[in-house]
Structures are given as C-alpha cells and as structure tokens.
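Written below as structure tokens is the structure these notes are about.
The values are calculated or read from the model by the stated rules, or taken from the named source; none is laboratory data. Being a predicted model, the structure only gives us computed values, none of them experimental. Note that we place each Cβ from the backbone using ideal geometry, even for glycine, and neighbour counts take in every protein chain shown. These area figures cover heavy atoms from the full protein model, side chains too; ligands, DNA and RNA do not enter into them. Shrake-Rupley method; radii C 1.70, N 1.55, O 1.52, S 1.80 Å.
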Amino acid sequence: MSQIVARVGGGVASFDAAEWDACAGSHNPFLSHAFLSALEESGSATARTGWQPVPIAIDGPGGKLAAVMPAYLKSHSQGEYVFDHGWASAYERAGGRYYPKLQIAVPFTPVPGRRLLTADPHFAQGLIAAAETLVENNAFSSAHATFIDADEVPVFERAGWLIRVDSQFHWHNEGFGSFDDFLGSLSSRKRKAIRKERREALDGLTVEHLTGSAITEAHWDAFWGFYQDTGSRKWGRPYLTRRFFSLLGERMADRVLLVLALHEGVPIAGALNLIGGDTLYGRYWGTTAEVPHLHFEICYYQAIDAAIARGLKRVQAGAQGEHKLSRGYRPVPTFSAHYLRDPHLRSAVADFLEAERNAVSHEMEILEAMTPFRKA
C-alpha cells in the first residue's frame, strides 16, 4: 500500500470549488463547496463561533484534490444534534480536558450524508487515519463524525471507531402521483385528520413555492425574521447570520425551495428546503403569527407536495419530532462514529452506546408499529 499524505486546509473556501465538488458529488447539497464556504464566509461557522474549519484533504496525482473531509475544531458541543454533553461533563469531572475536539460534520445540519468525500476506498481509510493523527498529535480528546452515511459505518468500524445509532423521521415516496394518492395509503381516520389540519392551516392564507431567481432579498429579509424568532426560542441565539442566506441565494438558489405562507400578500411564515438528487431536505422554519397547524402544513405537507411534483424519493425534515409520525413520516436510523483518545473514556462510552443502541432499536420497532398507514 502506497503512503498517503494528508493535509489540513484553512477552510473550505480555500479549496478550488470544482475540485471539492468533484469529490463531494452533486447528490447532497449540504456537502457542496457553495454551502460549506457560505457558512465560513458569512461568519456562521468560524473559530469565533466555536467552529474553526480544518478540512482534511488528500491530493492525488498531479496535485489534484482526490479526497476531502469537512472537519472543524469545536470548543463546545452546540449545533451538532448528536449530543455528547454528558461525555464532556464526565470526562472533565474526572480531570480531563474534553475541548477542543474534532468534529467531522456539516455545521448546524442534522442531515445524513457522506463524510469521507472520495470514490477511492484507500483514500477513505487515509482520511480516517489523518483525523486520528490530528487528534493524537494535538492531544485532542476525541473526533466525532456525525450523521454519516450508512455505507460509511463499516469503514469507520474497521478503523476501530465507536458507532452511535439514533433515529429521525423521513417521508418516503412510494410512487405517489399526488398528495391524495399519499393520503390513500393512510388509515381513514388519519386521512380525515390531515385534511382537516390542512383546511384549518390554510384558511385565509395563500402559499408560494419559490426557487432560483424568484427568491429576492426581500424574501430573505422576511425569512430571516422567521428564522430569528425560532432560533432565539430553540437555541438562545440563531446559529446562522443574515449574510448566510444572501450567499445561499447567490450561489445555489436553484437548489433552494422557499415555502412562504402569506396573509393578504404579506409573508407570515416560511420554511427553507434544499433540493438534493433524490431528496427534499427541510431545514429551517419560523412564523410571526400563531395559526393552528401551520407548522405541519408549511414544513411537512407542502414538502410532500413538492417532493411528489419533482419525483423525489423522500423528504428529510430534520431532527427529532415524533409528531411527524402521524403525518406519514417513518422512523429511520441515523449513525455517527466516535474516536476517543483516552481508553477509560472510550470504555465507558462503549458501554453506554451498546445500551443506547438497544433502546433505540426497541423504540423504532414501537414507532414503526404506530405509523398511520393502512395495515394489510
């Protein structure tokens, strides 16, 4: 096996966009150079906010980028959605120093996807080894690859990383031609409940689906207000800056679907989605008015409408939310991989993860039995 030499970049923005995207592919928009560099350049994911970009790269013949890993030095555990606060607290009570740690992820984004951005298995192993070396040489406590693709789980396992399992709720398109076709797959009681929710949510409102050049700065201003309201209630301080949304509109508007609810022509609520190769990704939502069921309508039902219209296979509507279950979103497993330098911490976490995996598996079985679909 030939020797692999990896390097740490100063940020995603420091890489050639075409070379980065050749490694990342076009399937998942969150892995694109446009999205990740916008997080950096907007001041959202920076050392100041506790997300210092340190992407790990491997060059191939001729110095062309052949493999890359989105990675960050973290001084806290916010914005990750795979929470290790308990691990950090226990380690520091025992006299250890948990931060900084290495986070291999898309900041603020609980979307499963590849983290080893290469088509070469040899280089994939090299990226993992480079992450381990970075941790060891700098005496970091750990490295965490969160929301990894299911196909990457065995790759990390072979390298000795611990695997954590959790779950999300995704909607699956079973070849539906319309929303009514989807409703036809549900029990009669659930069909009636959803139709009632939609009527009540849309009473007196109109809905717009905007993408590409149809999205203006005025739309982003309105959405920024929605996002700030939700962010301040959920996180205390919104993770993303206003400039991020402008950069998103400038660089990848054709992959953005902005759903707005309007009252007498004025936006009162909105949801931001990104369009992937076969998936619609719901990300952020907010409102300035209290309207019954509007959250479900704008975030979930409108997303299903849009996915069916575009022939997409699924909708991923973000983390958590058992309320999605009764609206046709099914439980699916998500995965993360963890490298812990201290053997005592590793042993304790390994025991915890085994018990947690069993609990998650049991919970998913229960939730699947509670789905609203007609039973055979």
Inset, instruction - For the range 326-339, name all the residues that are of a type outside the set (Ser, Thr, Tyr) and open to solvent by 10 Å² or more (accessible area, probe 1.4 Å). - result: ARG327, ARG330, PRO331, VAL332, PRO333, PHE335
Legend entry - Residue check for VAL153: within 22 Å of the chain's Cα centre (by Cα) and touching a residue at least 24 places away in the same chain (Cβ under 8 Å): yes
Inset, instruction - Find all pairs meeting these conditions: Cβ atoms under 9 angstrom apart; at least six residues apart or on different chains; first residue within the range 42-59 and without any contact (Cβ under 8 Å) to a residue 60 or more places away in the chain; second residue in a loop (DSSP other than H, G, I, E, B) and β-branched (Val, Ile, Thr). - result: GLN52/THR46; PRO53/THR46; ASP59/VAL5
Legend entry - Per-region count, the range 140-192, residues more than 27 Å from LEU280 (Cα to Cα), of a type outside the set (Phe, Trp, Tyr) and part of a loop (DSSP other than H, G, I, E, B): 3
Legend entry - Unmet requirement for SER77, which otherwise passes all of (1) part of a loop (DSSP other than H, G, I, E, B); (2) out of contact with any Asp or Glu (no Cβ under 7 Å at 6 or more places or on another chain); (3) open to solvent by less than 20 Å² (accessible area, probe 1.4 Å): (2)
Inset, instruction - Test GLU208 against the stated conditions and say whether it is surrounded by 13 or more Cβ atoms within 10 Å (Cβ to Cβ) and within 23 Å of ARG251 (Cβ to Cβ). - result: yes
Legend entry - strands (runs of 3 or more DSSP E) wholly inside the range 278-373 that include at least 2 residues being of a type outside the set (Ser, Thr, Tyr) and closer than 22 Å to ARG164 by Cα: 330-340
Inset, instruction - For the range 204-222, state whether one or more residues are in contact with a Lys or Arg (Cβ under 9 Å, 6 or more places away or on another chain), of a type in the set (Phe, Trp, Tyr) and in contact (Cβ under 8 Å) with a residue 24 or more places away in the chain. - result: yes
